[in-house]
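Read the structure below first, then the notes.
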Amino acid sequence: MQTVQTRYQEKIIYWRSTSPKLRQTTIQLHNAMADMQKTPFVRDLASSDRKIRDKAVDSLTLFLRSRNDLTLAELLKLWKGLFFCFYHSDRPLTQQALARALSYSLVPSLPQATVHRFLRAFWITIGRDFHSLDRLRLDKYLLLIRCYVGVAFEIFVKGNKKESEDGKKRKREDAKGGRGKKQKTQKETETSADEETGEVDGKWADLEAYISIIEEGPLYPVNFDPDQPSKPEIDEENPNFVPMAHGPDGLRYHLIDIWVDELEKVLEFEQEGEGSNRKIKGDVPMELILRPLEKLQKESPYKPVRTRAADALDDDRLIEWGIRTRKNEDEEVDSDGEWGGFDD
C-alpha cells in the first residue's frame, strides 16, 4: 500500500518529466482559475446551462458598460479569465453560443471609448496564448477568432456606413425644412462644405485605428521580433500601453483565409443586370481593409506567408468586385530571387 509520501514523490517525478511548456501552461491555467473564482460571472460563461450563460453575459455587459475608465492592463486581466473560461467550455453548441455571445452580443454594446482597448486586449491575449492550445481545443478558438474578425467589420464597416447614411438623411431633411427661410450666405455655404469634407476624411478613423491594431499584432510581417519581450510587459506608469504579441504563423494563416469571407458578410452589393459582376455599394475603403494582406505579401520574410497573402489578394470575389485585376499566367508570383529548381 502506497503511503502519502510515496504518492507525493511520484507526482513530483511526473511533474519534472513533463515539458516546460506544459508546466507553464498548467501554472497559467491554475492562476486563471483562481482569479475566476473571484468573478463568478466569468466562471458562469462556460456553463452548459443556457440560462446561467446568458445571465453571465448580461452581467459582463453591464460591468463593461458601467466602466468607461478600464485601462488596457485591467482588460488584459479580464481577457485572461475569459480565455480560460472559453478553454473549459464543452460541447459544440455551447462553444458556438459562447463565441457569438462574447463577440456579436458583447462588443457592439461596449462604450465607444472602450471598444478599441477591448479589441486590443483580445488580440494581445490571442497572440500570447495561441501557441499553448492543443489540437482538441484549437477549432473552437479558431471560431472565436472568426467571430471577432466578423464583429469588427460589422462595427467599423457596416455600422459606419449606416451612421453615414443616417447623417445624410438628416441633412436632407434639414435642408427641406429650411426652404422658404433666409438663404445662407456664401461664407456659410463654404464653411458647411468644408465641414462635410472633414467628415468624409475622418469617417473611417475608427476602422483605420483597428487595422493598425491588426498590423501591429496578428498580421505583423514577422512572427518573432528580437527587440520585443517574449511576454507583453505592462508599464505601471502607463497601463494603456502594452506591446502587441505577434503570435505564430498559424494564426496569420487563419486570419488570411477568413479575411475576405467575413468582409463579404457586411458588404452591400448592387447588380446592374443578370450575369453581370457585383459591385460594392457605397464608398468602402477597400485599400485600407486589404492593407494588412498587402504588407504581408511585400514585407514578410517567409515565403509561405507571402504566398498565402498573395492567394487571398487574388481571390475571385475581389476581382468580381473590381478591386483587383487578374494576373497573367506568365507573371512571376514571387520575385525575391529564390532558386526555383533546374530548367527542363
**Report entry** Odd one out for LEU142 among (1) open to solvent by less than 30 Å² (accessible area, probe 1.4 Å); (2) closer than 30 Å to ILE280 by Cα; (3) hydrophobic (A, V, I, L, M, F, W, C)
**Finding:** (1)
Query raised in the report: Do we have any residue at all in the range 68-86 that's closer than 18 Å to ASP206 by Cβ and of a type in the set (Gly, Ala, Ser)?
Result: no
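Quick one: is VAL242 out of contact with any Pro (no Cβ under 6 Å at 6 or more places or on another chain), crowded, with 16+ Cβ neighbours inside 10 Å and not hydroxyl-bearing (Ser, Thr, Tyr)? I'd like the intermediate steps shown before the answer.
Numbers: out of contact with any Pro (no Cβ under 6 Å at 6 or more places or on another chain): no; crowded, with 16+ Cβ neighbours inside 10 Å: yes; not hydroxyl-bearing (Ser, Thr, Tyr): yes.
Considered against the rule, which asks whether it is out of contact with any Pro (no Cβ under 6 Å at 6 or more places or on another chain), crowded, with 16+ Cβ neighbours inside 10 Å and not hydroxyl-bearing (Ser, Thr, Tyr), VAL242 comes out as no.
List the helices (runs of 4 or more DSSP H) that sit entirely inside the range 42-111 and contain at least 1 residues that are of a type in the set (Phe, Trp, Tyr) and surrounded by 15 or more Cβ atoms within 10 Å (Cβ to Cβ).
Values: elements: 50-66, 72-87, 92-100.
In the range 42-111, 72-87 are the helices (runs of 4 or more DSSP H) which contain 1 or more residues that are of a type in the set (Phe, Trp, Tyr) and surrounded by 15 or more Cβ atoms within 10 Å (Cβ to Cβ).
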Report task. Only residues in the range 82-106 that are at positive phi count as the first member; pair them with residues that are open to solvent by 10 Å² or more (accessible area, probe 1.4 Å) and at pLDDT 90 or above, Cβ under 9 angstrom, at least 6 apart or cross-chain, and list the lot. Result -> none
**Report entry** Filter result for the condition that a residue is modelled with pLDDT of 65 or more and in a loop (DSSP other than H, G, I, E, B), over PRO243, PRO229
**Finding:** PRO243
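Rundown of residues vs (1) within 30 Å of ASP69 (Cα to Cα); (2) modelled with pLDDT of 80 or more; (3) touching a Phe, Trp or Tyr at 6+ places or on another chain (Cβ under 6 Å), yes/no style:
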position	(1), (2), (3)
ARG252	no, yes, no
TRP259	no, yes, no
LEU263	no, yes, yes
PHE269	no, yes, no
LEU296	no, yes, no
PRO304	no, yes, no
GLY340	no, no, no
ASP344	no, no, no
Query raised in the report: Going through the range 245-289 one residue at a time, which ones are open to solvent by less than 60 Å² (accessible area, probe 1.4 Å), within 16 Å of PHE156 (Cβ to Cβ) and over 14 Å from the mean Cα position of the chain (by Cα)?
Result: GLU264, VAL266, LEU267, ILE280, GLY282, VAL284, PRO285, MET286, LEU288
Query raised in the report: Within the range 58-77, can one find any residue that is modelled with pLDDT of 80 or more, acidic (Asp, Glu) and either touching a Gly at 6+ places or on another chain (Cβ under 9 Å) or under 25 Å from ILE145 (Cβ atoms) (or both)?
Result: yes
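For the range 112-124, how many residues meet the condition of being surrounded by fewer than 22 Cβ atoms within 10 Å (Cβ to Cβ) and in contact with a Leu (Cβ under 8 Å, 6 or more places away or on another chain)?
3
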Requested in this report: Could you tell me which numbered condition THR25 fails, if it satisfies all but one of (1) touching a Ser or Thr at 6+ places or on another chain (Cβ under 8 Å); (2) modelled with pLDDT of 65 or more?
Outcome: (2)
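Among the residues of the range 278-309, write down those that are in a helix (DSSP H, G or I) and small (Gly, Ala, Ser). Walk me through it before giving the result.
Here is the first cut: in the range 278-309, the ones in a helix (DSSP H, G or I) are 286-289, 291-299, 303-309.
If the condition is that a residue be in a helix (DSSP H, G or I) and small (Gly, Ala, Ser), then ALA309 is the only one that fits.
The values are calculated or read from the model by the stated rules, or taken from the named source; none is laboratory data. Here the structure is a predicted model, which means the values were calculated and not measured. For neighbour counting, all protein chains shown are included, and Cβ atoms are generated from backbone atoms with ideal geometry for every residue, glycine included. Only protein heavy atoms, including side chains, enter the accessible area calculation; ligands, DNA and RNA are left aside. Shrake-Rupley method; radii C 1.70, N 1.55, O 1.52, S 1.80 Å.
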